[in-house]
Structures are given as C-alpha cells and as structure tokens.
1. Distances from residue C:390 to the same residue in each other copy, label points 7 Å out along Cα→Cβ, in nm, shortest first?
2. How big is the gap, in Å, between the Cα center of the range B:250-278 and the Cα center of the range C:234-290?
3. State, as an integer percentage, the relative contact order of chain B based on alpha-carbon contacts under 8 Å between residues 6 or more apart.
4. Give the calculated FRET efficiency between residue A:394 and residue A:267 to the nearest 0.05, with a Förster radius of 41 Å applied to their Cβ-Cβ distance.
5. Sorted by mean Cβ packing within 10 Å, highest first, what order do the peptides C:5-15, C:64-74, B:262-272 take?
6. With all distinct Cα pairs included, what does the Kirkwood hydrodynamic radius of the range B:304-420 come out to in Å, to one decimal, could you say?
7. In Å, what Kirkwood hydrodynamic radius results for the range C:86-143 from the alpha-carbon pair distances?
8. Put one equal scatterer on each alpha carbon of the range A:263-342, apply the Debye formula with no solvent term, and list log10 I(q)/I(0) at q = 0.15, 0.19 1/Å to two decimals.
C-alpha cells in the first residue's frame, strides 16, 4: 500500500463530469430557452455584450492566471479554473432561473442572466482559491456547485426577507466566497500543513503569469462593478460613477499596497504577493460599498483603506491563521476578498447613514445591513463546514500530503522537456 | 557540405517580403480606398469596431499563443503568426474586393471587409498549424497566400454555383484550413518523421503560454461566430443566439473534453493537449452549424459531440495518421478544426432537414449542402497538394531534419541568458 | 562599507508614496468631482468606455509586458509599470484639469479626461523605458511625475501660442517621452555602462512575455490613435479612417520590420527586438501624422518607412548611441518612439502642404509645425536634463552598478524555487 502514486481519478472524475453535464443538458432541453428580443436595439446588444465579455475575461483569464504562481501546479490552476467555471456557470444559470421557472414556466437565457451566472461563478472561484493545491478536481467541482448553490440561496434570503437590493446582495460574493473557502480550508487542514509545504514555491515565470492574472482583473474590474447598474436608471450617472470609482479606487490601491509592502518589510523590499493581490483590494471594497452616488475622494479613501488592511492582513494575519488555526489559505482570499469585502460593507453602511435624512431611516438601514452581513457570514461558514465534512469522505480519493501542489498527480506529461 | 547550420534565408525572405509588400502597396495605391460612411451612426461604428477587435484578438493573440507550446520554437510560433497574419490580411482584402473592383471600379475598405479578411487569415493560420515547425517562414508565407486564395475561390464557387449563403460559406474556413494543412503536411512529410522528433517537446511554461492562447480563443469565440450575423436582419434575435449558442457550446465542450481526456487515459490523468484544444471544438462545430435559430440544448449537444470526437481524434486518430500515412499534424488541426467542422456541417444538415416543411425542399437542401462540403474538401486537398509540391522545390531552402522545431534556425540570440 | 546589498528603500519609498497619495486624495477631496451626464445616451457611454478600456489595456498590459524581456528584472518591469501608471494617471488628471479649475472652479472627471490622463501616462512610461533597470522605483516615480508635468506644459504651450490642435499636440507624446528619456539616460549614464551589462540578458520565456506586450499594443493601437477623434465631427469618416490607417500601417510595419531585420543580419536571421518593437513603429508614425483624411496607401507607406528607420535605428544607431554618447537606451525608445515619431511629424507636414490650396497657407502651416517640433524637442530634453540632475542626488539611494537589471534589489523572494 505504498502511496507512491496519486490515486487515479478515472473512476470518479469522468462519471461525475459526464453525469452532471448530461443532467444539465437535459434540464436545458426541458426548461431553458433563449430570450427573443423582438424589439432589441443595436446598441443594447453591444452594451451588454461588451460588458459580458469583460466579466467573462475576469473569470476565465483573471482568476485563471491569478492562481498560476505555484511553480508545480500552474497547469492545475489554469485548467481546473476553466473546467470549474464552465460547470458552475451552467449550474448558476439554472439556479438563478428557478424563480422565473416557477412564475413563467421557463428559464430564460439573456445577457443579464449570463452575467449574473458569471458572478456566482466568480464567487465559487474565490472559495476554491483558499483550498487550491490540496484538493483534487473532483473536490473542486463539488465545492463550486455547493458554493454557487449557497450563494444563490443567500441572495434569495437577503432579497426576500431583508429587502436587500439585488445589486447589493450580489456584490457580497467576495465575502461569501472568502469565508466559505476559509471554513472549508480549516476543515480540510491536515497534520503537517502548519509548515510551508516544500512544493509551495513560485518561480519568476509563474510569478509573471500570476501578475498577468492580476492585471487582467485590474483592467476589467470597472466593468465587473458597473455591469449590473442599469443605464436607464433614473439616476443616470450611476453607471459611470461605478466605473470612475472603481478605477480610482484600484489606482490608489496599487500605490498604497506598494507603499505598505515596503514599509512592513524589514529589508525595505516589495513582496510579490502584495503587488499581485492587495492592489485588487480596492476593487473589492468599492464593489461592495457601491450603491450610493459619491464623490471621487470617497472611492480613493476606500481604496487606500482596503489596500492597507489587505497588505497588513497578508503580512500578519495569514501566517497567524496558519499557525493558530491550522487554516491554510493558498491564494490569500482572506486578505484580498474577505477583509476588503467587510471594509466595503462598512463604508456602505457609513455612507448610507451619512446620506440619511433622519435617524429612524438610518437606524433601520443599519439594522438590515448588519443582519445581511451576519446572514452571509453564517451561511457561508456553515455551508463551508458542511462541504468540508462531505469532502473528507474517502470516496473522493483525497490527495496524499506528498502530492499536494503538484500537477503530476493530475496531468500527463509525455513530451515534457526534462531540462528547462 | 556539413549541414551544421540552417541555410540562411537572407537571399530569399527579405526580397519576397519586400517585393510582396511593395506590390500590395501599389495595388492599394491604384485600386483601394476607404469607404466614406456619410450617414454612419455612432453605435454602428462602435458595434463593428468592438467585434473587429475581438476577431483581431483571436487571430493575433489566440492563434499566436496556441502554437507556442513547443519549448524550442515558441518565438517562431508567435512571431511568424504575426508576420503571416499581417501579410495574409492585406492579400485577403484585395482578393475579397475583386468583385467590387469589377463592378464598382474600386476595392472599398470597411469594417466588414476587414473582418472577412481576418477570417480568411484565420483559415490560413489553421493550415499553418499542421506543418508548423518543419517549415521555414518563406514556406509559411507562401502557404498562407495560397490558402487564402484557395479559400476565397472556394467561397466564390459555393456562392455562385450553389447559392450557399455568404455566412455559411465563410464558416467552412475550419474545414478548408484543416484539410489544406493535412494534405500539405502529408506531401511535406519526410523520412524519419514517423517517430516523435526529439525537439518536439513542451515544458510547463510554454504549456501555460499555449493555454493562454486557448483562453483568448475561448473568450473571443462568441464574437467570431456572431460578427457577420447582421443585427438588422428581419430575424433580430439571431445575433444574440449565435453568441449564446457559442458560449454554451464552449462551456459544455470544456467539461466534456476534460471528462473524456481522463476516461481515455490509462492512469486517469488529464492531457494538456486535450484541455488546450478540444475545449475549442464546440466553438468550431457550432460556428459551422449555426444558421438556423435553435434552442440552447442543441448548442450544448453539439458542443458535447464535438468535444467527444475531438478528444477521441486527438487520442487515437492523430497517432494513427502519423504512423499509417506519415502525416504529421503539429498542432492537431484535424482534431480541433477538421472533425468538429464536419460534425458542425452534419448538425447544420440535420437541423435544416428537420426544419423543412416538405421533403422536396429538404432533399434539395441536402443535395446542395453535400455538394458544398465535397467541393470544399476537394478544392482544399488539391490546393494543399499543389502547394506542397511547390514547396518541395529546393529554391525555398527547406529546413534540415535536425533543425526542425528549433528557433535557432531563424532567430538571433545574442543576449540569451545561458543558464535559464 | 561593502556595497553587497542594495540600499534599503524603506525610508524613502513608502513616505514618498504615501505622502503623494495622501496629497492626491486631499486635492481630489477639495477640487475634483465626477461629471454628471444628465442627458447621457447609452451608446455614448459604451463608445467611450470601450475605447477607454483599450487605452487602459495598452498602458497596463502593453507597456507593462513590453519591458519584461530582461530575465532578471521582469518583476520590476511589470510591477513598477503598474505602480507608476497608477500614480501618473492621478497626477495627469489633476494637471489636465487646472484650466477647468481656473475657469469653472472644479476639475471634472469624465471618460475623456481619463483617456487623456492615460495618454500622458503612456508618455511617461516611454521615458521610463529608456532608463529602466538602472534606476530604483523612487527614481521612476519622480521621472513619471516630472515627465507628465512637462508634457502637459508642452501641450499647453503649443495650444496657446501656436494654435496647435489638441489632438495633434497630444500625439507628440511619443517624441516628448522618447527624448525626455534619452536625455535622462545620458545624464544618468555611469562609468562601465558602455559594455553590455552582464545581467542585461533575455531568455526564451521572458522574450515571450515581452512579445505578448507587443501584441497587446499592436491590437489596441487603432483605439489609441482614434480615441480622441470625435465621432460627431463634421467630417464623420475621420474616426474610422484613423482606425483603418493605424491597422494598415501596423500590418505593413510588421512585414517590413521582419524583412529588414533579416536583411541586415549577417546570418539572415530575425532579431527578436526588431519583431518586438519595430512592428510598432507604424502605429507611432501614423498616430503623429494622422490629422488629414488620406487614402490607405499613405498609411501603408508611412508604416513601411517607419519600420525601415526603426529597424535600421535599432541595428545601427542604438549601439552607436551607447559607444559614442554613453547613452544607454534599455527598451530602445529612440527606435520605437523617437525616430518614427519624427517621421510621422514629417508625413503630417508633407500631407498638409500637399493639401493646401495656396503657398501662403502651406508656408504658414510649415512654420508653425516646425516650431511645434522644436519646442517639444527642447522642452523634453531640457526637462530630461533637469530631472536627470535631480536624480543624481544621493538622497534617492541610487542603485550600485552590480545591482542593475536585477529584481533582487527590490523584491522579496522568500518562496522562490531554487532550481527552475
């Protein structure tokens, strides 16, 4: 029983994939149809399509390359990201359409439903970031399906019982994904994972690939935050404001992350992970905070604060998590999505209270707002816990410790050049 | 006469390049002009321009990086792709404008003509994929010019004699390019090429670059398939349907390719080439099939079938081709473009017959449809044969066997770091 | 006092970054607001936003990856590019808004102001390309701020005193950036830099990353040249013409650069730097020349000439610069931006004279046009000189010679895989 080879997934992965895919096709066959825009205008098509492409770019290119930094598991990062995204999008389209199925008898596909599905997928890719490298692709698929289900449920709860607006509930994807992933990572943690894993290494080239992921996310983020803001809203400027705010917040975030990265380094050097991830904190925070129109400096201050807590979180809280709670966070989702998400939530609260005319409205809003966060946190962590316990089942052939962070367990390398 | 160095292209490549380029400039000087849209509307500009950018991205970034997987010839892959594309686009603009030249006295450049030229270029880049690494850049240029000429001729034949619609004839680019390339590869095959070439190796980083090409293609494919569908068509939804269908087909394709890749692997592992190429099969198939409006599940089933035959083709037919026919297919164009293209053609036939009201129309359509495929196959293979024979001429200084798949034959490396 | 370690930037970089960033936030707080488009139309939003994204992509992805070719300083190239761009954009928004601040009491942010700010940033990134690798990030920030200030001042001078149109003055960014950078590089040159630096090496993978930057620039360049041309201009076709011209010029440029690269190489091989940079010369030249509507062949001839002088410049003038003037030009900005920029300026002059009806107008235009170039050249070189002298101050902790072109001086590498 020498565990020299990683267990073959041949008896698990193809049946699961093909079963799920066939199931999805059957559901689509029975219940899903494309919306016929009879009166569609040309520019409407173009508007929605371009923004959809940007969000798709974030999910496929951005999140995909962001995880490639580990030198021995970069194929897994990019390959499984595509696989999981392709699966989760279909599942999210179905789940998001349940309400329409109930009322109208059909699930309709349109640009908006695809964008919303991509955003749910992004949420699950964040969760996967926390456990990446220590799980096999079957695990990742199950995590993604569970996470998307939980996130859609969370949105439904918030919208139904707390009258949270759709736009605000979907932006909680960062918080939901991050805490789902962290809880999962805690459950799946194993003996010996307190130290850095010997294979958990980067090299210059994989570092460059992952910075490329960062830059794609950085570039497309204004679209991500503004895509669901309607242009024909009475308050017309809001979509543009979302774009400008995100852009400014990201710019400030990049500068601040670099500043604090050098400041907290004993030798006064930049840390690749801070540049790669904390520069994105501003986009997360402003996305969660964005709902009220506000002047540009608010976005800039939010970006500043987000990069600050993100950098400090990566420098000090991430190692603590690992030692104190034995919770390994491969891609640092706590620092990039969790903490800035909560910061954004607080900024939103603050802005809303400041903008309120009377104390009653402000209090009422604060109560609902706090409940929304608590529900999201509880649901994400409980579902992360359940998913983790489910995945501990040996049926899914977990990876041995030695095979973590290694593509060799899942990929054929027949023609790999040995030297170089 | 020691063949230690690759033959210098100094006396062949610059004269050819500069002669052709000067010729193109002269033709443009005499006969080409930019269309003056006097009544252009803003959104029209934007619509067409964005889609043009996406198609341009597929040709330059997508096809360029797709070929970079070979560790020792990645510069050639990306560099010659740009060079060939830049040349082929100009040639395609001229050829596609011949009809307008005849009737209106001028060739007009507009967004549509550039997009069509890019698509012809894509066809030639597919053909090049089959012989890449065993040919020099002069060969590649000649192949591209011949292929584009053949493809434009093919389209003209189909539209003139078989009343095939323009949109349908241009989508045969996958089939035309693939079989042109395969025939060419068969003619150019050499003794000793039955075994895997020692330099035909990938490494992790070049693998990542080529997956990046895949992801660019994956992302932009909905634009590629929908760009020529007119928005102001009476059946307005068709452009959106093309987008949704392509997207769904690609998603299903990615999942299915991963499933069958693991299933057909003895150790239950994923194969990089399958993830890199077979995930795209869905886009090819649905592009060829796309003409009638159809529900989403048709696109999904098409994607499923395309990924299935593409994966099986890559796993079983590609090695067979190499041994039985001595036909080397560097980038696997048979599995990615050839077979899925024919599948898409069959889906189109099936859909059209199902949608027909009476048997006569269906039969008539089937006849024309089969003729269109046969003409395309014959023309592509005959032209591939002729081009191959032309290229066997020693005047073009073919590569020695030892120098195949090696950048060193064509690129200066003065400042290359020796160790890493 | 062994200079074994690079001097720590902890006491310089974070205070500078955080001070400037806080200052920018304070200025934004007091004086900057987002423009409220009350009557915005949907397509207007979309048009401007897409083009803004393309320009942003050039600045972040294009310029960022273009500099990654040096094997030991690719992190610096991409990381500092993001940092500098994030900073310079904010500064450019403020400087460009000064006029509006004076007349309207506020600086307004809108799509146009962001695009203009991105273009000023691009100018500073060109300047940085000349000295990259031999400067620390504090230097780079100061250079960027000085360059942007100088470029805005130059534009104001040209528009105010010479009635140069805004569109024409902003396109001088290539010339201004290149000569600013060259002058700076000359001032900062040090003993021993006449020979190639031992660490100034590329490898295959970093070469690929930098070609990726080239391809992004190549793809987005038509947007860059056309973004500021108004669609509702009386001469409606101009925006489209800018797109077509740039595209054709780039295509011809790619072919020509390859031709002359092989022709000037003793062994008849391609040079990576020529493919990487000289293919872009056409975009630079046509951008500077673009103002009058003209037939496509003019753009093609411009692209041809630009690639010719750029290739010859890189092959012969760059080494000469290094030996004769001790001026090191890391990214070859003279060949890519300087010379083609001046060529474009001459093409503009020629076209304008040819289009003039009478001799007086032509002469008047020529006078103003020559003055504009001279002012730009003088201002850029004088400011480059001043900036260089400022940066020679030891307070900024210049790099030792040994640490040039090395990421190790500025980046932490705790988990770097040692082998590979």
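Throughout, read-outs are computed from the coordinates displayed, never taken from laboratory work. Owing to the predicted nature of the structure, the values given are computational and were not obtained by experimental measurement. Neighbour counts run over all protein chains shown; Cβ positions are idealised from the backbone, glycine included.
1. When each copy's label point is compared with this one, the spacings are 6.0, 6.0 nm.
2. When both Cα centres are located, 40 Å separates them.
3. Values: 629 pairs, mean separation 96.2, N = 420.
The normalised contact order for chain B reaches 23 percent.
4. Working: r = 45 Å, r/R0 = 1.10.
Result of the calculation: an efficiency of 0.35.
5. Numbers: C:5-15: 17.6, C:64-74: 26.5, B:262-272: 19.6.
Descending packing order for the listed peptides: C:64-74, B:262-272, C:5-15.
6. Numbers: mean 1/r = 0.0546 Å⁻¹.
Evaluated over the range B:304-420, this radius sits at 18.3 Å.
7. On the way: mean 1/r = 0.0810 Å⁻¹.
By the Kirkwood definition, the hydrodynamic radius is 12.3 Å.
8. Treating every Cα as an identical point scatterer, log10 I(q)/I(0) equals -0.54, -0.79.
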